[in-house]
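Undergrad: Here it is, the structure in full.
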Amino acid sequence: MAEFDPAPNEAITLEIGAKQMNFFAVPNPKANFLALAIEGRKAVVFQLHLQSGNGYFALKVMRAAHRLQDLESICRGLTELKQLPGMRVCERYCLTPHNAPVTLARCPDLEYAILMPWVKGNTWSGILAAGRNGGLAPFNRYSATRLATNFAVTIARLEEMGIAHCDLAGQNIIIEPHSEFIQLIDVEDMFRPKAPPPAHIPAGTAGYQHRTSGRGQWSPEADRFAAAILICEMLTWHDPAVRAISFEESYFEPRELQSGHSSRLDAMLRALAQLDPRLSALLNSAWNSQSLSECPRVADWKEVLTGLDNGIKGGNWDLKNEASVTFVPWSTDMTKPVISWSDWGEALAEKEHH
Amino acid sequence: MQYERYATGDTPALIVYLIDISSSMEEELSQGVKKIDAVHQAIDRVVKRMVRRSMKGEEISRRYRLAMLAYEDNKIDVFNGVQFIGDVVKNKAPRFQPAGRTNTAAAFTWARDLIERELPQMKHCPPPIICHLTDGQFNEGSDPEPIAREIMNMGNDDGKVLIENIYFGPSAAAGYSASDPKNWTGIKDAASLSDPYAQALVRMSSPFPDRYMEVISEDKYKVAAGSAMFIPASNEGLLELAFVMSNTTPIQPSASLIA
């Protein structure tokens, strides 16, 4: 019984319930001897393409310690959210011994793997990391406000339903290409009314954690602090003074969050005040909060931002002199043969042979 | 707590591979597989895993920097210094033809000098890791142990440089006999092994940092706390464990607490 580790373009068949779906593993565009896969702490996510049709899918293969029976009911609950803005990945199938016995007999690694749509785009953390060396084209005060507004509307809609993502962070937010729309990923541990707690309670991600997050954040208020930081990152990233002092894949260094003095906070507050003083007041309120329930609701941000967004649409902003910046792909020159070289793909295929 | 730093595009991890390509690496490791072939497979698996851990959308981030020295009594700087993982995979995979004697001390001296040059720019990065793949029979040059100890005393304020040894010698000599690699509990005491070369490699291995143990246990391996970063590469399962270990520089995780 083979490990699930497809070669690029390898055919993959998944039998789920009465459906049989045929895919191939998409090659990594930067290393075409490998299938495109992204490894995180809990899972490896492979990109699959339907053999007939144009659909791209993500197959999230859980690592051994995270193959938990609860994933089946979690996925069922999440499916109900798939129509909400930003929740496209909630349309999903979980492969279980009950609904995919043939597939799992062939490849036990796929137990509790999750099949869902592949969301194309940059993660917000990727934009932050690259932005200090360039930027996202076009990314100015206008697109910043649109992006932040769309994000706030998405999270506020969840908030209104008593739902929280519980691990909002730059790496879990995808910005759709050529747009200011966002999609949330890594949604398995979301708080939903009446849903049982996950086996591992989220504690947030460094750079977005409230002072209380270390105790676990799985509640309707769990997103308030992280959303505040993310909204402010999105709103101010067009400002070169903000970009210049950004930490890494988050704007704030984790340990400076909610600390007494922070020059990054000062720069962000200045940039926010230029947009609307109510925004800097909201950030101050979140920054100084002692608990997540003391943080402003995401709905409070949404209210201010939709007013700004309407101002943009109404043509109140003069954008002619706004700065914009461009992302470029990373590349570095290199060469040099040593002893002998073989193609990585051939080498890996040889390995499979053994 | 040490070894807390994340490998990121701004604070990449540096992993230095030292590959023994002396003539004894032409010998069989198991079932018709030569030691050097197992090394080639190991390199390919490591590179594959690093790429996966470095993907940002469809881009490979600059999260890992690699250096690789192939050595016998001569030395070959495979990547001509240090390269980002995204650049390594633009080239072809290295394949070595074993020959000569085993000058491990010279290889560790090369690694020490490289790390000495790199450390001043690595103040905010995870400490470097040396991953040494060998069958351990040093038969040329001086004793490598003092140089390894010197390297293990280097570091930054996140921790000392780590040395991991992947042992391509006989499995019995490494105290390994379990049929299930996931139940292997590791080696804490060099004296528990019979082979003097294996003993030396254990002494030249750093203990696993707690932070790494967390990541390893997520793959359901049972390596005991305090074990040396010494892995007998006697079969594929253990090789996989070795890959996990040389890749466990923590990437930015979503922290979670056990409910």
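The values are calculated or read from the model by the stated rules, or taken from the named source; none is laboratory data. This structure is a prediction, so every number in the text was calculated from the model and none was measured. Every residue, glycine among them, receives a Cβ derived from its backbone with ideal geometry; neighbour counts consider all protein chains shown.
Undergrad: Of these, A:Glu249, A:Glu233, which one is acidic (Asp, Glu) and outside any helix (DSSP H, G or I)?
TA: Selected residue: A:Glu249, the only one of A:Glu249, A:Glu233 that is acidic (Asp, Glu) and outside any helix (DSSP H, G or I).
Undergrad: If A:Val119 satisfies every condition in (1) in a helix (DSSP H, G or I); (2) touching a strand residue (DSSP E or B) at 6+ places or on another chain (Cβ under 8 Å) but one, which is the exception?
TA: Every condition holds for A:Val119 apart from (1).
Undergrad: I'm trying to understand the selection: among the residues of the range B:17-76, which are in a strand (DSSP E or B), facing another protein chain (nearest Cβ under 7 Å) and of a type in the set (D, E, K, R)?
TA: If the condition is that a residue be in a strand (DSSP E or B), facing another protein chain (nearest Cβ under 7 Å) and of a type in the set (D, E, K, R), then B:Lys56, B:Glu59 are the ones that fit.
Undergrad: Please go through the range A:161-176 and pick out each residue that is of a type in the set (S, T, N, Q) and touching a residue at least 60 places away in the same chain (Cβ under 8 Å).
TA: Filtering the range A:161-176 for residues of a type in the set (S, T, N, Q) gives A:171-172.
Correct list: A:Gln171 only.
Undergrad: Looking only at the range A:288-307, decide whether some residue is within 14 Å of another protein chain (Cβ to nearest Cβ), crowded, with 20+ Cβ neighbours inside 10 Å and not hydrophobic (A, V, I, L, M, F, W, C).
TA: No: zero hits.
Undergrad: Anything in the range A:174-185 that is closer than 22 Å to A:Leu71 by Cβ and either in contact with a helix residue (DSSP H, G or I) (Cβ under 6 Å, 6 or more places away or on another chain) or more than 10 Å from chain B (Cβ to nearest Cβ) (or both)? List them, or say none.
TA: A:Gln183, A:Leu184, A:Ile185
Undergrad: Under 7 Å between Cβ atoms, which residue pairs at least 6 apart in sequence (or on different chains) link something in the range A:96-111 that is acidic (Asp, Glu) with a partner that is modelled with pLDDT of 95 or more and surrounded by 18 or more Cβ atoms within 10 Å (Cβ to Cβ)?
TA: Listed by first residue and then by second, the contacts come to A:Asp109/A:Val61; A:Glu111/A:Leu95; A:Glu111/A:Leu104.
Undergrad: Next up: Here are some conditions: (1) among the β-branched types (Val, Ile, Thr); (2) outside any helix (DSSP H, G or I); (3) modelled with pLDDT of 85 or more. B:Thr249 meets all but one. Which one does it not meet?
TA: Looking at each condition in turn, B:Thr249 falls short on (3).
Undergrad: In addition: Kindly list, by first and then second residue, each pair from a residue in the range B:92-119 that is over 20 Å from B:Asp143 (Cα atoms) to a residue that is among the charged types (D, E, K, R) and modelled with pLDDT under 95, limited to pairs with Cβ atoms under 8 Å and residues at least 6 apart or on different chains.
TA: Going by the 8 Å Cβ cut-off, the qualifying pairs are B:Lys92/A:Asp343; B:Ala93/A:Asp343; B:Ala93/B:Asp44; B:Pro98/B:Glu26; B:Pro98/B:Glu72; B:Ala99/B:Glu72.
Undergrad: Can you pull out the residues in the range A:140-178 that are out of contact with any Lys or Arg (no Cβ under 9 Å at 6 or more places or on another chain) and not in a helix (DSSP H, G or I)?
TA: A:Asn140, A:His165, A:Cys166, A:Asp167, A:Leu168, A:Ala169, A:Ile173, A:Ile175, A:His178 - these are the residues of the range A:140-178 that are out of contact with any Lys or Arg (no Cβ under 9 Å at 6 or more places or on another chain) and not in a helix (DSSP H, G or I).
Undergrad: I'm trying to understand the selection: among the residues of the range B:77-91, which are over 23 Å from A:Phe46 (Cα atoms), within 7 Å of chain A (Cβ to nearest Cβ) and aliphatic (A, V, I, L, M)?
TA: B:Val78, the sole residue that qualifies.
Undergrad: While we're here: Take the residues in the range A:179-201 that are under 22 Å from B:Lys56 (Cα atoms) and not acidic (Asp, Glu), then tell me which one is modelled with the lowest pLDDT.
TA: Only one residue fits best here, namely A:Ser179.
Undergrad: Looking for whichever is within 19 Å of B:Arg65 (Cα to Cα) and either surrounded by fewer than 17 Cβ atoms within 10 Å (Cβ to Cβ) or at pLDDT 90 or above (or both) here; the options are B:Lys160, B:Lys188, B:Lys222. Which one fits?
TA: Residue meeting the stated conditions: B:Lys160.
Undergrad: Are any of the residues in the range A:197-206 assigned to a loop (DSSP other than H, G, I, E, B) and more than 10 Å from chain B (Cβ to nearest Cβ)?
TA: no
Undergrad: Name the strands (runs of 3 or more DSSP E) wholly within the range A:15-62 that hold at least 2 residues that are at the interface with another protein chain (Cβ under 9 Å from one of its Cβ atoms)?
TA: A:31-35, A:37-39, A:43-50
Undergrad: Now for a different question. Counting only residues that are at pLDDT below 80 and surrounded by 14 or more Cβ atoms within 10 Å (Cβ to Cβ), how many does the range B:10-34 have?
TA: Here the count works out to 2.
Undergrad: A follow-up question, please. Going residue by residue through the range A:76-91, is there one that turns out to be within 25 Å of A:Met161 (Cα to Cα), at pLDDT below 90 and under 20 Å from the mean Cα position of the chain (by Cα)?
TA: no
Undergrad: Kindly indicate whether A:His261 is crowded, with 20+ Cβ neighbours inside 10 Å, assigned to a loop (DSSP other than H, G, I, E, B) and away from chain B (no Cβ under 14 Å).
TA: no
Undergrad: Okay, moving on. Got at least one residue in the range B:98-120 being over 26 Å from B:Pro146 (Cβ atoms), within 19 Å of the chain's Cα centre (by Cα) and in a loop (DSSP other than H, G, I, E, B)?
TA: Taking every residue of the range B:98-120 in turn, none turns out to be over 26 Å from B:Pro146 (Cβ atoms), within 19 Å of the chain's Cα centre (by Cα) and in a loop (DSSP other than H, G, I, E, B).
Undergrad: Quick test for you: out of A:Glu111, A:Glu188, pick the one residue that is within 14 Å of chain B (Cβ to nearest Cβ), more than 30 Å from A:Met268 (Cβ to Cβ) and surrounded by 23 or more Cβ atoms within 10 Å (Cβ to Cβ).
TA: Step by step, each of A:Glu111, A:Glu188 is checked, and only A:Glu188 is within 14 Å of chain B (Cβ to nearest Cβ), more than 30 Å from A:Met268 (Cβ to Cβ) and surrounded by 23 or more Cβ atoms within 10 Å (Cβ to Cβ).
Undergrad: Kindly evaluate A:Ala226 against the criterion of being small (Gly, Ala, Ser), in a loop (DSSP other than H, G, I, E, B) and in the same structural domain as A:Ala129 (by TED's automatic domain parsing).
TA: no
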